[in-house]
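Have a look at the structure below, then the notes.
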Amino acid sequence: MVPAVFLDRDGVINRAVVRNGKPYPPASLEAFEFLPGVVEAVAALRAAGYLIIVTTNQPDVATGKQSREVVDAMHDRLRRELAVDEIRVCFHVDADRCLCRKPLPGMLLEAAEHWHIDLSASVMVGDRWRDIEAGRAAGCRTVFIDYNYAEPRPEAPDAVLESLLAASTWILANA
């Protein structure tokens, strides 16, 4: 069994587009911008023996606001520039009632089965309550990246920090 760090995408790895206090994914590959310190954070976590699994809800594909090709291009860039082991995507909306859409833990549980991940030694890092709930439901520790969005806050994350770089430092100090 190995530990993993599960990372949400928008707002953790790349800059989210914030409108009226709510985060949205970038609309194009050109707008897909890594946040400061992300490359260093992922490298440090990998060097410490963590698998890096991206788990991201992308409902804009289902609603027609985003194309699957643009999302795939973003993920191709992510794979080229970051040492991630896997990217798991839920393209559903809440009404689909799937098991993979965060706040449900389906993506994390499936990755754990596939990679033989020790969820109790793993961490979910996210910038929304859905990410933290998914991590908690899977049995992981959780780190909330707080941007003060105009939406519900998560209950009882293990840490509240300002970036993935700060999260990586916390994870490595609390392994």
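Rule-based calculations on the coordinates, nothing more; no lab input. Here the structure is a predicted model, which means the values were calculated and not measured. Using ideal geometry, Cβ is built from the backbone for each residue, glycine included, and neighbour counts are taken over all protein chains shown.
In this simple spin-label model, placing a label point 7 Å from the Cα along the Cα-to-Cβ direction at both Val93 and Ala121 gives a separation of 4.2 nm. Here the Karplus relation 6.51 cos²θ - 1.76 cosθ + 1.60, evaluated at θ = phi - 60°, turns the backbone of region 25-36 into coupling constants of x, x, 7, 9, 4, 5, 8, 7, 10, 5, 6, x Hz, with x for every Gly and Pro.
Rounded to the nearest 10 degrees, the angle from helix 68-81 to the longest Cα principal axis of the chain is 30 degrees.
Look at Leu161, Leu29 and count the other Cβ atoms within 10 Å of each Cβ; fewest to most, that gives Leu29, Leu161. Ranking of Trp115, Trp129 by neighbouring Cβ atoms within 10 Å, starting from the fewest: Trp115, Trp129.
Provide, for q = 0.19 Å⁻¹, the log10 of I(q)/I(0) from a solvent-free Debye sum over equal Cα point scatterers in the chain. One equal scatterer on each Cα of the chain leads to -1.35.
Taking Cα centroids, how far is region 122-175 from region 1-38 in Å? Using only Cα atoms to place each centre, the spacing works out to 14 Å. Can you give the log10 of the normalised intensity I(q)/I(0) at q = 0.25, 0.26 Å⁻¹, computed with Debye over equal Cα scatterers of region 59-120? Debye output, listed in q order: -1.11, -1.12. For the peptides 116-123, 19-26, the ranking by packing is 116-123, 19-26, with the highest mean count of neighbouring Cβ atoms within 10 Å listed first. DSSP beta bridges confined to region 4-173 are antiparallel in about 15 percent of cases. By the Cβ-Cβ criterion of under 4.7 Å, the unpaired cysteines of the chain are Cys98, Cys140.
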